[in-house]
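See structure below.
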Amino acid sequence: MCLGFGATFLIFTIIAAIFVSSSILYFVMPQLANFNNYEPAINAISAGLGAINIFLIFLSIFLTFSLLMRQFQKDNLTFMLSKPITTSQLLLGTSLGILFVILSFWLILSSEVLLIIAVFSKEHLSLAVFSLLPVSILVFLYLSLAVFFFCLWPSNLSAIFPFLFIITSILRVEIQNLLLESKIIWLRKIIDISFFFVPPVGQVLGISLKNLGMTSIKTDTISILLQSVFIITFFYLLSLRRIHKIICRQ
């Protein structure tokens, strides 16, 4: 199982690294003209940022559901709980292991982006660092989402829900603009309140784009960080409660 997972992770990382480097090198090559009115290096960092986030979404959800499905199979569960370990420790330990793998993946791809920027555009290196750092927050958000929906409905089919939450967060501004045109006031208020429980993926990415000067949208970094911590804690507490009930039924 470990060898199979290791090979899968290695192949996925290589594919992601090739995709990220290809998308960056297209924009960062000195002879290319400016693209979208931004310097090639800015576009390169933006391309790397987007590519890393896309691969993080897929890896986080696929890896979490894959490992938790195996870990919480009835046979494995019976064996694990026969030892002096609680369900909370089991879920937390598994989650920390997955978190380490995903953070390693983010670090590998981010280092690749920084290396290319350092070679072609050293003056933008610090800008690249501050633009890539917020993405690490997304690792925690994606993992908490995937764990929560697995605990809510332990089936591979439920993996679609983290995707929907992430897309909703990214399109938050567009959805809110549509709601402003709605005449149903109570519906607008309910949806506005519900956005507080949607992981601020779009806002975190907004911090990175703000650092790059690619958006003029106001971003309150401290508020976004506090909301992220709340969402992660909230989902994990619900996950622990839900997984305990599922195990007690078995």
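The values are calculated or read from the model by the stated rules, or taken from the named source; none is laboratory data. What you are looking at is a predicted structure, and each value in this text was computed from that prediction instead of being measured. Backbone-built Cβ (ideal geometry, glycine too); neighbour counts: all protein chains shown. The protein model used for the area step is the full one, side chains on, heavy atoms only, and it has no ligands, DNA or RNA in it. Shrake-Rupley method; radii C 1.70, N 1.55, O 1.52, S 1.80 Å.
At 222 nm, what helix-only mean residue ellipticity would the chain give, in deg cm²/dmol to the nearest 500, using -39500 (n - 2.57) for each DSSP H run of four or more?
For the chain, the value works out to -27000 deg cm²/dmol.
On C-alpha positions alone, give me the angle between the axis of helix 185-194 and the longest principal axis of the chain, in degrees, nearest 10.
Helix 185-194 and the main axis of the chain meet at about 80 degrees.
Can you sort 124, 244 by solvent-accessible area, 1.4 Å probe, largest first? Each step should come with its number before you reach the end.
Working: 124 20, 244 95 Å².
Ranked from most to least accessible, the order is 244, 124.
Ordered by packing density, taken as the mean number of other Cβ atoms within 10 Å over each peptide's residues, highest first, how do 220-228, 64-72, 190-198 rank?
Numbers: 220-228: 14.3, 64-72: 18.2, 190-198: 12.8.
Averaged packing, sorted descending, gives the order 64-72, 220-228, 190-198.
With +1 on each Lys and Arg Cβ and -1 on each Asp and Glu Cβ, and nothing else charged, work out how big the dipole of the chain is about its Cα centre, in Debye to the nearest 20.
It comes to approximately 900 debye.
Considering only 132, 141, 107, give the residue with the highest GNM mean-square fluctuation for the chain, with springs between Cα atoms whenever their separation is below 10 Å.
107
Which of 193, 110, 212 sits closest to the plus end of the dipole of the chain, meaning its Cα is farthest towards the positive end, when Lys and Arg get +1 and Asp and Glu get -1 on the C-beta?
The residue sitting most towards the positive pole is 193.
Leaving ligands, DNA and RNA out of it, work out the accessible area of residue 210 with a 1.4 Å probe and give it in Å² to the nearest 10.
Accessible area, nearest 10 Å²: 80 Å².
Evaluate the distance, in nm, between pseudo-label points positioned 7 Å from the Cα of residue 158 and of residue 220 along their respective Cα→Cβ axes.
Distance between the two pseudo-spin positions: 3.3 nm.
Can you tell me the FRET efficiency between residue 96 and residue 184 if r is taken as the Cβ-Cβ distance and R0 is 30 Å, rounded to the nearest 0.05? Don't skip to the end; give the middle numbers.
On the way: r = 44 Å, r/R0 = 1.45.
Result of the calculation: an efficiency of 0.10.
Considering only protein heavy atoms and a probe of 1.4 Å, how much of the accessible area of the chain is carbon and sulfur, as a whole percent?
So the carbon and sulfur contribution to the accessible surface is 72 percent.
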